[in-house]
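Heads up: the structure comes next, in structure tokens.
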Amino acid sequence: MGAEVVELDLDNVGVWELCLLLLDKNIAARKFIKTVDDKRLDGTLCRRFLICISIAFIGFLKWISGCMEAYETKLKTEKKRPTQAFMFIDKTGDHDVICVSFRGTHPFSANDWCTDLDFSWFFLRGIGKVHMGFMKSLGLQKDTLWPKEIEEHMEDGEKHFAYYKIRQVLREKLEENENTRFIVTGHSLGGALAVLFPAILGFHKESKLLERLAGVYTFGQPRVGDDDFCRYMEDLLGVGRYFRFVYANDVIPRVPFDDSDLRFKHFGNCYYFNSFYKGQVTREEPNKNYFWPVSVGQVYLNAVFELVRSAVLPYAFGRNYKEGILLLGVRLVGLVFPGLSAHCPQDYVNLTRLGNPNIFHKKIINPEKDFSLNGQEYGNY
């Protein structure tokens, strides 16, 4: 299939191996890192440190998961396939529209957090390097990687691989009506999967399905791949079928970092909304890697404003905007970790309801010419 893998084998991680990872820049020499590119796989101290931290945090989450049987079972990830998505059909227009929605990270799911924190690469020829955890979550096969077709032998309690099951249902529904179109959407981890789904459709040459794809809409989506992947997606979707929404200081769209160590990138336009739900079209969200000393004061002031705003919204726009006790608790947590509270789905729901819809009427920019204007604002609404 033309794929190479750089994968973390968490079952073979030991304390001594982690120490050697920090001391030796040749990260491919570690037993828990599987790769076909041993000679060239070197890592800076920053990258090696991030790998160590992510492994330690994953281990902690798995321990917590074992103590919380109400939220997490003891099935292995390969058998459980915890990715969740749902589909519905809108028949109110002049043609049917199928919506495919991927769920974001479950806060009490160690499997989901392991997916998010797996910074290892999956390299697919003709596409680029992609976040390994997201690939596994979508349906990457352990031995055969991304075959075009698979035979699923279902055992009791097992679920389908997300990509293959959704593609099967789309094939059936789109065959019934030639005018039917479909959109893909998701929040957080779900946004990353919403981007990867058409990417793998393109890899499998599913041109008939891609022709019926009306758009990809993501909310609080993390970065998914490198420069090559971004160019591939821009060619595949164009800027007219991809809408990436970012709310204020949400930390998730700003990770994994866009730097010389991790080299993750965003592509297409960013539909950025501030804490007043005022939108603008930009190439990149402000403070793209989040941890920037100049913006610290503004981030915390914004968290205080969001807490006050939660009390004001129902009086300004109606009782439907009243926030419950749980969400108010999240706002309080935001006073300490502001980027996390800004990731709430509620703010993304609000921006779609209170934001000016004219933002979609802005002339789509040319990715070859205007995308080079990094961070420049293209339109306020």
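The values are calculated or read from the model by the stated rules, or taken from the named source; none is laboratory data. As the structure is a computational prediction, the values presented were derived from the model and not from experiment. Virtual Cβ from ideal backbone geometry, glycine too; neighbours counted across all protein chains shown. In case anyone asks, the SASA skips ligands and DNA or RNA and just uses the protein heavy atoms, side chains included. Shrake-Rupley method; radii C 1.70, N 1.55, O 1.52, S 1.80 Å.
Take each of the peptides 181-191, 261-271, 318-328, average the number of other beta-carbon atoms within 10 Å over its residues, and list them starting from the highest.
On the way: 181-191: 23.5, 261-271: 21.3, 318-328: 11.6.
With the highest mean Cβ count within 10 Å placed first, the list reads 181-191, 261-271, 318-328.
Enumerate the amide H contacts of Ala85 below 5 Å, restricted to partners 5 or more residues apart or on another chain; note that Pro and chain-start residues carry no placed amide H.
Those qualifying (amide H under 5 Å, at least 5 residues apart or on another chain) are Arg103.
My understanding is that a pair violates if its Cα-Cα distance is over 26 Å; which of Lys136/Lys165; Lys205/Lys288; Lys129/Lys278; Lys91/Lys278 do that in this structure?
Values: Lys136/Lys165 15 Å; Lys205/Lys288 33 Å; Lys129/Lys278 34 Å; Lys91/Lys278 31 Å.
As for pairs spanning more than 26 Å Cα to Cα, those are Lys205/Lys288; Lys129/Lys278; Lys91/Lys278.
What does the accessible area of Thr115 come to, in Å² to the nearest 10, when a probe of 1.4 Å is used?
Counting only protein heavy atoms, Thr115 exposes about 20 Å² to solvent.
What ³J(HN,Hα) values, in whole Hz, does the Karplus curve 6.51 cos²θ - 1.76 cosθ + 1.60 give for the range 229-240 when θ = phi - 60°, with x put for Gly and Pro?
These are the phi-based 3J(HN,Hα) values: 4, 5, 5, 4, 5, 5, 5, 6, 9, x, 6, x Hz.
Heads up, I need the accessible area for Cys114: 1.4 angstrom probe, whole protein in place, Å², nearest 10.
Estimated to the nearest 10 Å², Cys114 gives 20 Å².
Calculate what fraction, in whole %, of the accessible area of the range 166-316 sits on carbon and sulfur atoms when a 1.4 Å probe is rolled over the protein chains. Please report the intermediate quantities before stating the final value.
Numbers: 3320 of 5770 Å².
Carbon and sulfur together cover 57 percent of it.
How big is the charge dipole of the range 132-246 about its Cα centre, in debye rounded to the nearest 20, if each Lys and Arg gets +1 on its Cβ and each Asp and Glu gets -1 on its Cβ? Mind showing how you got there, number by number?
Details: 16 positive and 18 negative charges, 83 e Å.
In total the dipole reaches around 400 debye.
Quick check: residue separation of Asn356 and Glu178 times 0.36 nm, minus the Cα distance between them. What number comes out in nm?
Details: separation 178, 0.36 × 178 = 64.08 nm, distance 3.27 nm.
Going from the current span to full extension adds 60.8 nm.
Grab the Cα-Cα distance for Ile53 and Leu335, subtract it from 0.36 nm times how many residues apart they are, and report the gain in nm with one decimal. Intermediate results must be reported in sequence, preceding the final value.
Details: separation 282, 0.36 × 282 = 101.52 nm, distance 2.40 nm.
Contour length minus the Cα-Cα distance gives 99.1 nm.
Just to check I understand the Karplus step: with θ = phi - 60° and J = 6.51 cos²θ - 1.76 cosθ + 1.60, what whole-Hz values come out for the range 117-130, glycine and proline as x?
With coefficients 6.51, -1.76 and 1.60, one gets 8, 7, 8, 5, 9, 10, 9, 10, 4, x, 10, x, 8, 10 Hz.
Taking 35 Å as R0, compute the FRET efficiency from the Cβ-Cβ separation of Ile150 and Glu17 and round it to 0.05.
Details: r = 33 Å, r/R0 = 0.95.
Calculated transfer efficiency: 0.55.
How much length is gained if the chain between Phe86 and Ser260 is pulled fully straight, taking 0.36 nm per residue apart and subtracting their Cα-Cα distance, in nm to one decimal? Please list the in-between numbers first.
Details: separation 174, 0.36 × 174 = 62.64 nm, distance 3.67 nm.
Full extension of this stretch gives 59.0 nm more.
Counting only heavy atoms of the protein chains, get the accessible area per residue of the range 86-242 (1.4 Å probe) and round it to a whole Å² value.
Working: 6800 Å² over 157 residues.
Each residue of the range 86-242 exposes 43 Å² on average to a 1.4 Å probe.
Considering only the other residues whose Cβ falls under 15 Å of the Cβ of Asn350, what net charge follows from Lys and Arg at +1 and Asp and Glu at -1?
Values: positive: Lys278, Arg309, Arg319, Lys322, Arg331, Arg353; negative: Asp250, Glu306, Glu323, Asp347.
For residues surrounding Asn350, the net value is +2.
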